[in-house]
Amino acid sequence: MLDDNQDILDIVKEILLYEQFEVKIISDSKNFIATLINYRPDLIILDYKLNGPNGDDICRQIKTDSRFCDIPVIICSAYLNNDDILACGCDATIAKPFGLEELLDKVNGLVCS
């Protein structure tokens, strides 16, 4: 998960760990692609509003890279009415603030399908 809010990262990490997922959290988008290369996740959760490139820009980069294009991407945002979010190729969106049950439903739907 990539988010620049440490509180959100900590909460989501704890919930996903409790549900037996392996979790890698990062708060800086600068080395995100290097993290993907080294970690190769089954799912990516991105915040939309980040310091640096926005989540939709990162999602486009992921979805156009043959090494990562098959990895499902969820974008979390308080700005879901922004057309850029839907046009970036993400597999799902979650409105902030989000409920933990909604998060788990989206994660399970993309990872376990």
(Q) Give all pairs with beta carbons closer than 9 Å in which a residue from segment 90-107 that is farther than 13 Å from residue 12 by Cβ and touching a residue at least 12 places away in the same chain (Cβ under 8 Å) meets a residue that is acidic (Asp, Glu) and open to solvent by 50 Å² or more (accessible area, probe 1.4 Å); count only pairs at least 6 apart in sequence or on separate chains. (A) 95/102
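Return yes or no: is residue 110 surrounded by 12 or more Cβ atoms within 10 Å (Cβ to Cβ) and either out of contact with any strand residue (DSSP E or B) (no Cβ under 9 Å at 6 or more places or on another chain) or in a helix (DSSP H, G or I) (or both)?
yes
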Q) Counting only residues that are under 14 Å from the mean Cα position of the chain (by Cα) and hydroxyl-bearing (Ser, Thr, Tyr), which one in segment 1-38 is modelled with the lowest pLDDT? A) 29
Q.
Which residue is modelled with the lowest pLDDT, if the candidates are limited to segment 70-94 and must be loosely packed, with under 14 Cβ neighbours inside 10 Å and among the hydrophobic types (A, V, I, L, M, F, W, C)?
A. 86
Q: Of all residues in segment 30-60, count the ones that are closer than 21 Å to residue 95 by Cβ and assigned to a helix (DSSP H, G or I).
A: 6
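The values are calculated or read from the model by the stated rules, or taken from the named source; none is laboratory data. The shown structure was predicted, so the numbers you read here are calculated from the model rather than taken from an experiment. A quick note on method: Cβ atoms are made from the backbone with ideal geometry, for glycine too, and the neighbour counts reach across all protein chains shown. The protein model used for the area step is the full one, side chains on, heavy atoms only, and it has no ligands, DNA or RNA in it. Shrake-Rupley method; radii C 1.70, N 1.55, O 1.52, S 1.80 Å.
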